[in-house]
Ligand SMILES: *Cc1c(COP(=O)(O)O)cnc(C)c1O
């Protein structure tokens, strides 16, 4: 019996997913992306787990996120995608938190700091190969190639770039980006290279270079959307049944009266809503699982409640206090995402903080 939704996060499944990716990427090393609180699932717990399973490099988006990971792992490298602000340089250096430098201006600022400290500082440098979002654009790359002394004071830990369409295996863009990345590497001072997100590393050994940096696949999202998912499911979201009522033909359910009852049935109300990240676009979509039975979600998603039609289920199975599985094996993240007209990333990162979060611990290996 429980009165709040439960989000179970299977750390063993995340560790197993890490192993799968590691095997695929080898001999390249496998980092783990922890941004957005490890896609909403808990950067502290997950980085601790992956560190115990051999992960030595963690990527985050912001410096504040790096500090969370640093509290969990004593000595692994933590890399900040968006780079560092000047007032973060000192603390970052002391804590082995490494910036990605995304522009010549960022390179200048960090080399200046390195010189002021009389040190050579580690940094990743992002070369834009077609995202037009982050990293050195072609003109800045050309300047860097022409003036490699701009890197004095830096130990380039890796040249990196980011793929725009890695999950679309029929698009030529990934191969074009690989070509641009390789062309840049040939002209830049030698250093390790890092190109692949989760889907990228499924393009094969020409793409994996020295280090890969998956995020989504660790958390169970399918990196090969047109094929079967090679990853293990990581989360299960369960919501308690609050109330049950009998309904008759012609009655409606919920806000906007969007669901009309076709024949005598029963409606169960579950404690879960869009304030928990169970998106309103899932109104009248998908099925929850109660015991071995599926029950369709009917009516609008409210802020704190959803309604399901349980008319076809045995009475004794559907009682207040019992729970329904809303996201789980019968309906993995990618299926929910499809029903919500979005991607699994948005479903995961949107999951709220009102849940009781339960971490299933991983066996150390
Ligand atoms: C988020 C992110 C990743 C991880 O991508 P996934 O598709 O989740 O594996 C890798 N690199 C960069 C630059 C990112 O922003």
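Tabulated data
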item	result
Those residues of the range 180-220 which are more than 13 Å from the ligand (Cβ to nearest atom) and part of a strand (DSSP E or B), in sequence order	193
Single condition residue 288 does not satisfy, out of (1) at positive phi; (2) in contact (Cβ under 8 Å) with a residue 40 or more places away in the chain	(1)
Pair list, Cβ under 6 Å, 6 or more apart: the range 190-202 residue under 17 Å from residue 179 (Cβ atoms), other residue within 8 Å of the ligand (Cβ to nearest atom)	194/160; 200/166
Given (1) more than 16 Å from residue 218 (Cβ to Cβ); (2) surrounded by fewer than 18 Cβ atoms within 10 Å (Cβ to Cβ); (3) in contact (Cβ under 8 Å) with a residue 12 or more places away in the chain, index of the condition residue 64 fails	(3)
All positions within the range 141-157 that are surrounded by 13 or more Cβ atoms within 10 Å (Cβ to Cβ) and free of Cβ contacts under 8 Å to residues at least 12 places away in the same chain	142
Lone unmet requirement of (1) outside any loop (DSSP other than H, G, I, E, B); (2) surrounded by fewer than 17 Cβ atoms within 10 Å (Cβ to Cβ) for residue 168	(1)
Index of the failed condition, residue 194 passing every other in (1) out of contact with any strand residue (DSSP E or B) (no Cβ under 8 Å at 6 or more places or on another chain); (2) closer than 19 Å to residue 157 by Cβ	(1)
Qualifying helices (runs of 4 or more DSSP H) (wholly inside the range 1-102; at least 2 residues being at pLDDT 95 or above, away from the ligand (no atom under 16 Å from the Cβ) and more than 19 Å from residue 349 (Cβ to Cβ))	11-25, 43-52, 63-72, 89-94
Meets criteria (under 23 Å from the mean Cα position of the chain (by Cα), surrounded by fewer than 15 Cβ atoms within 10 Å (Cβ to Cβ) and within 13 Å of the ligand (Cβ to nearest atom)) for residue 177	no
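The values are calculated or read from the model by the stated rules, or taken from the named source; none is laboratory data. What you are looking at is a predicted structure, and each value in this text was computed from that prediction instead of being measured. Note that each Cβ is placed from the backbone with ideal geometry, even for glycine, and that neighbours are counted across all protein chains shown.
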